[in-house]
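The values are calculated or read from the model by the stated rules, or taken from the named source; none is laboratory data. Values in this document were obtained by computation on a predicted structure and should not be read as measured data. Reconstructed Cβ throughout: ideal geometry from the backbone, glycine too, with neighbour counts over all protein chains shown.
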Amino acid sequence: MTVLLKLDEVSASYGDVGVLSRVNLQVSRGGITAILGANGAGKTTMLRTIFNVLVRRQGRVLFEGEDITHMRTPQVVRLGITHVPDGRGTFAQLSVEDNLLLGGYTLGSSTLVRKGMERAYDLFPRLRERSRQQAGTLSGGEQQMLAIGRALMPNPKLILLDEPSFGLAPQIVAEIFKTLKDINQAGVSLLLVEQNAKIALSVASHVCLIETGEVIRSGPADELKGDETVRKVYLGY
Amino acid sequence: MNTLAQTSLSSASPPVKFASRLPLALLILAGVSAPFVLAGYQILLATSVLSFSLAILGLNLLSGYNGQISLGHSAFLAIGGYATAILMTKFGVPYWAAIPLAGLISMMVGLVVGVPALRLELLYLALATFALAVAVPQLAKNKLVSHWTGGVQGLEVRKPEAWTAIGLNADQTLYVIVFLVVLVCFIAADNLVSGRVGRALEAIRDQPISADAMGINSRTYKIACFGVSSFFTGVAGALGALTTQFVSPESYAFFVSVTLLIGAVVGGFKSVYGAFIGGIFVVMMPNYAENLWQGAPALIYGAITILLMLVMPEGFAGLVRGVLWRVGLQKRS
Amino acid sequence: MTDSAFVQQLITGLTTGCVYALVALALVMIYQTTHLVNFAQGEMAVLSTYLVLVLISKGMSYWAAFAVTLVVSFLFGVAVERLLMRRFSGKPVITIVIVMVGMMILLNGIAGFAFGYEVRRFDSPFDSIAWLKTGFMSPHEAGVALVTLIVLFFVYAFFKFTKLGLAMRGAAANPLSSQFVGIDVGWILALGWGLAAAIGAIGGVMTAPVVFLDPNMMLSVILYSFAGAVLGGISNPWGAVAGGLMLGVAENLVGAYLIGSDLKLAFVLAVIVAVLTLAPNGLFGRRLIHRV
């Protein structure tokens, strides 16, 4: 399995407050990598360092072998990484359709844009029904679907998802994670940050455990699922 | 030029105490020697410097120490000036009573303004006070009040009688009066901000939520701050009226508000005695620049403001504080 | 007062309101992506208006000068954002307000320096256009209304149908997410400033024939535009336009029938204070949630 994304000794801080400490992480092409940890462990920060947004940091970030450490966010997006932020990050005042159009901002051709929108509507039929509606009036689950559809628009190689299960009812979470699996089967690698270890482990191929800014365990999902301490601490049984 | 350190002054080391008393000492020294060194027109300039410094002090208290902003402080200058003129010409009040009365009237207006100001976040407060500044000249000359304010022509103000008994002419007398009033005000302001009140105001400015949690009644302090600020600027307006011997709507055009703001920025917002640097700048600079080329004062004001915000946002006082800190005479605030 | 006099006041108010609407629109261009009101918008417009005059004096036709000035104003707005305002991003609001006031004074000084403080005539380009002569409006008033409609149409089309317009709407709605879809928010801000400068220039050029040109020409106009933008809702371009029109009509009617023209500025002040303290979102504005 080739390495798609690599974090190399990455430390990050907000101003003077250190959040990540010498993190090493590898995301393999084709799989679903889950980063698990409690609140404040540094999961969101990790995703932000990949995009070089809001955090100061040391270390390197490599994507497909290319050093993207100092690249500005729009460039990173054009390389093929998109983001589903925590809290969905929808453009609340704009329509569902406009949200998707914005997702396709970096696409040069309107054909690709239309194809992307069709794909989003096929994956999430509810969005098609509500295409003219203001995004902020959608339910939490629908907004999450919208955020994922938007992230898919530019045919990315890797999607980063920040706590997609947050604040959603279990059935919706299951529905969404099933769709994530489908997206992954279609060839998009996923990097998933989650507090809900159970649902994350149900889809992940690789797992990384993070605690107060440090990676404490990482490896294939089956291995960690079988590990007793992991089960006790993260799954509670 | 003013210690903002949390330790009380009595426990500070002698060099720190010296540094904090220095501005006042310099002020007294310069102020007292001025009438003997300067002559004629220059004394009037010095008098103007003093009264503008007081006006800027008022703005500093509001914006620097309490984090509210006013683009319309010329309104309080106008209130102080017109109140003085009306009290003296229509009611025969002597100048030494008119000055504090004008200050009080200005303060009351300031307290009234302070109430809705509470509800406005900074950008909107700037907008509202901008509107006030633009409206002031029209408010002063409109038909409803022109009977009192003299309308477009304004009102004349008699200069105080010379204290010939101690050998001073009229200009020098005025200077001394203004100097004494300004000195008292500055000492009062300095004491105010060095103590509990000052710290409360700054807490409200920097961490409003924590300040509330600590039991500081933010609303009262903020309104009171508006009142105190407008008191000082109102008194400055009174002194200004006595100096120019004239008040008219154009004396308080929008440009004056901006001048006060820039004076505060130059001297340093978070400073009491820095207001003097501002005062010197806004009186002396146009005096010379007007002869250079038209529009020069405005050009210089604008350029200086932008440059200062880029490189020296704390103004002159910040520069001095930085130097003192490096020399070890002042705690970093 | 007779009916026709009333209608006359209404029409005059609407056309004055057109100028306020244009400048208010310019203010919103900047506000929606930065949450800042550009205090220097009026002075920028004044300089643009002087530029038209200079170009005409060098022999250009009015509309050629107008077009060139629009482009130059746009570029100037972009330059101001990229070279100056960008350095203050993240700084406290009070600092930025001071910078904008400083810029206002600086531009005023430049106008005074370059052109002097004497009031100058500025002929309306519409007086000579025959088909604008209607019975109830002066040619200039008709021209202003027409130009305003054209500008509003272009702005509407820009926002609705172009990619950049969508990007600006996105940046206004959610700057962080805009970055995540590949929008360079910095250049979008610059675009906003450029558009604001161009639209403001149109406002200035429409004003000069009526109040005559001097460096302080826009001071009261910008105040009315502030009031209009605030009344209509400064986060909503069309709300601000509506607010500007309303202020124009109100100014005329209140001035003519209620309080007389020498208290008009007090009226504007009252509008601003009332709206900001009682209904800060204005009539059509959206709630903006400020994070702690």
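Counting only residues that are of a type in the set (Lys, Arg) and within 22 Å of the chain's Cα centre (by Cα), how many does the range B:154-184 have? Here the count works out to 1.
Taking the listed residues B:Phe130, B:Phe226, B:Phe186, the one that is under 25 Å from B:Ile28 (Cα atoms) and of a type outside the set (Ser, Thr, Tyr) is B:Phe186, with no other qualifying.
Being modelled with pLDDT of 85 or more and not in a helix (DSSP H, G or I) is the filter here, so list the residues in the range B:13-57 that pass it.
Hits for the range B:13-57: nothing passes.
Only one of these is under 17 Å from the mean Cα position of the chain (by Cα) and not in a helix (DSSP H, G or I): C:Leu36, C:Leu25. Name it. Result of the check over C:Leu36, C:Leu25: C:Leu36.
Per-residue answers, yes or no, for (1) free of Cβ contacts under 8 Å to residues at least 40 places away in the same chain; (2) within 14 Å of chain C (Cβ to nearest Cβ); (3) assigned to a helix (DSSP H, G or I); (4) in contact with a Phe, Trp or Tyr (Cβ under 6 Å, 6 or more places away or on another chain):
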{"site": "B:Tyr82", "(1), (2), (3), (4)": "no, no, yes, no"}
{"site": "B:Ala85", "(1), (2), (3), (4)": "no, no, yes, no"}
{"site": "B:Met88", "(1), (2), (3), (4)": "no, no, yes, no"}
{"site": "B:Leu101", "(1), (2), (3), (4)": "yes, no, yes, no"}
{"site": "B:Leu104", "(1), (2), (3), (4)": "no, no, yes, no"}
{"site": "B:Ala126", "(1), (2), (3), (4)": "no, yes, yes, no"}
{"site": "B:Leu132", "(1), (2), (3), (4)": "no, yes, yes, no"}
{"site": "B:Val136", "(1), (2), (3), (4)": "no, yes, yes, yes"}
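Okay, residues lined up against (1) touching a residue at least 60 places away in the same chain (Cβ under 8 Å); (2) surrounded by fewer than 21 Cβ atoms within 10 Å (Cβ to Cβ); (3) touching a helix residue (DSSP H, G or I) at 6+ places or on another chain (Cβ under 7 Å); (4) among the hydrophobic types (A, V, I, L, M, F, W, C):
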| site | (1), (2), (3), (4) |
| --- | --- |
| B:Arg199 | yes, yes, no, no |
| B:Glu202 | yes, yes, yes, no |
| B:Ile223 | yes, yes, yes, yes |
| B:Gly237 | yes, no, yes, no |
| B:Val247 | yes, no, yes, yes |
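Here A:Val19 clears all of (1) assigned to a helix (DSSP H, G or I); (2) aliphatic (A, V, I, L, M); (3) under 24 Å from A:Arg217 (Cα atoms) except the condition numbered (1). For the criterion of being within 29 Å of C:Thr134 (Cβ to Cβ) and either more than 14 Å from chain B (Cβ to nearest Cβ) or part of a loop (DSSP other than H, G, I, E, B) (or both), C:Leu10 passes. Counting only helices (runs of 4 or more DSSP H) that sit wholly inside the range A:136-237, those with at least 2 residues that are touching a Lys or Arg at 6+ places or on another chain (Cβ under 8 Å) and closer than 25 Å to A:Glu97 by Cα are A:140-152. Checked against (1) more than 10 Å from chain C (Cβ to nearest Cβ); (2) in contact with a Gly (Cβ under 7 Å, 6 or more places away or on another chain); (3) not hydrophobic (A, V, I, L, M, F, W, C), B:Gly92 passes all but a single condition, namely (2). Taking the numbered list (1) in a helix (DSSP H, G or I); (2) within 19 Å of the chain's Cα centre (by Cα); (3) under 19 Å from C:Val185 (Cβ atoms) in turn, A:Gly89 passes all entries but (1). Scan the range B:138-151 residue by residue and report those that are more than 10 Å from chain C (Cβ to nearest Cβ) and assigned to a helix (DSSP H, G or I). Matches in the range B:138-151: B:Ala140, B:His147, B:Trp148, B:Thr149.
Residues of the range A:80-99 that are facing another protein chain (nearest Cβ under 10 Å) and aliphatic (A, V, I, L, M): A:Ile81, A:Val84, A:Ala92, A:Leu94. Residues of the range A:166-178 that are farther than 16 Å from A:Ser139 by Cβ and loosely packed, with under 15 Cβ neighbours inside 10 Å: A:Lys178 alone. Of the residues C:Val210, C:Val205, C:Val268, the single one that is within 22 Å of C:Ala111 (Cβ to Cβ), touching a residue at least 12 places away in the same chain (Cβ under 8 Å), in contact with a Phe, Trp or Tyr (Cβ under 7 Å, 6 or more places away or on another chain) and not polar (S, T, N, Q) is C:Val205.
Note on the range A:65-78: residues that are outside any strand (DSSP E or B), surrounded by fewer than 16 Cβ atoms within 10 Å (Cβ to Cβ) and more than 7 Å from chain C (Cβ to nearest Cβ) total 4. The set of residues in the range C:81-97 being in contact with a Phe, Trp or Tyr (Cβ under 9 Å, 6 or more places away or on another chain) and more than 11 Å from every other protein chain (Cβ to nearest Cβ) consists of C:Glu81, C:Arg82.
Out of C:Val241, C:Val249, C:Val221, C:Val205, report the one residue that is within 14 Å of chain B (Cβ to nearest Cβ), closer than 24 Å to C:Leu146 by Cβ and of a type in the set (A, V, I, L, M).
Among C:Val241, C:Val249, C:Val221, C:Val205, only C:Val221 is within 14 Å of chain B (Cβ to nearest Cβ), closer than 24 Å to C:Leu146 by Cβ and of a type in the set (A, V, I, L, M).
Taking the condition more than 7 Å from chain B (Cβ to nearest Cβ) and assigned to a helix (DSSP H, G or I), does C:Val101 pass? Spelling it out, it is not the case that C:Val101 is more than 7 Å from chain B (Cβ to nearest Cβ) and assigned to a helix (DSSP H, G or I). Within the range B:228-267, being more than 14 Å from chain C (Cβ to nearest Cβ), over 12 Å from the mean Cα position of the chain (by Cα) and over 13 Å from B:Gly80 (Cβ atoms) holds for B:Gln245, B:Phe246, B:Ser248.
Criterion applied to C:Phe76, C:Phe113, C:Phe122, C:Phe154 was being free of Cβ contacts under 8 Å to residues at least 40 places away in the same chain, under 21 Å from the mean Cα position of the chain (by Cα) and either more than 30 Å from B:Leu125 (Cα to Cα) or away from chain B (no Cβ under 14 Å) (or both), and the one residue passing it is C:Phe154.
Do we find a residue being within 14 Å of another protein chain (Cβ to nearest Cβ) and of a type outside the set (Ser, Thr, Tyr) anywhere in the range A:20-37? I'd like the intermediate steps shown before the answer.
At the first step, the residues of the range A:20-37 found to be within 14 Å of another protein chain (Cβ to nearest Cβ) are none.
No, there is no match, as no residue in the range A:20-37 is within 14 Å of another protein chain (Cβ to nearest Cβ) and of a type outside the set (Ser, Thr, Tyr).
Got a sec? Which of C:Val273, C:Val241 is touching a Ser or Thr at 6+ places or on another chain (Cβ under 9 Å), in a helix (DSSP H, G or I) and either at pLDDT 90 or above or not basic (Lys, Arg) (or both)? Result: C:Val241 is the single residue among C:Val273, C:Val241 that is touching a Ser or Thr at 6+ places or on another chain (Cβ under 9 Å), in a helix (DSSP H, G or I) and either at pLDDT 90 or above or not basic (Lys, Arg) (or both).
Residues are listed down the side, and each one gets a yes or a no for (1) acidic (Asp, Glu); (2) surrounded by fewer than 22 Cβ atoms within 10 Å (Cβ to Cβ); (3) over 28 Å from B:Arg219 (Cα atoms):
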position	(1), (2), (3)
B:Phe52	no, no, yes
B:Tyr65	no, no, no
B:Ile79	no, no, no
B:Phe91	no, yes, yes
B:Ile105	no, no, no
B:Val115	no, yes, no
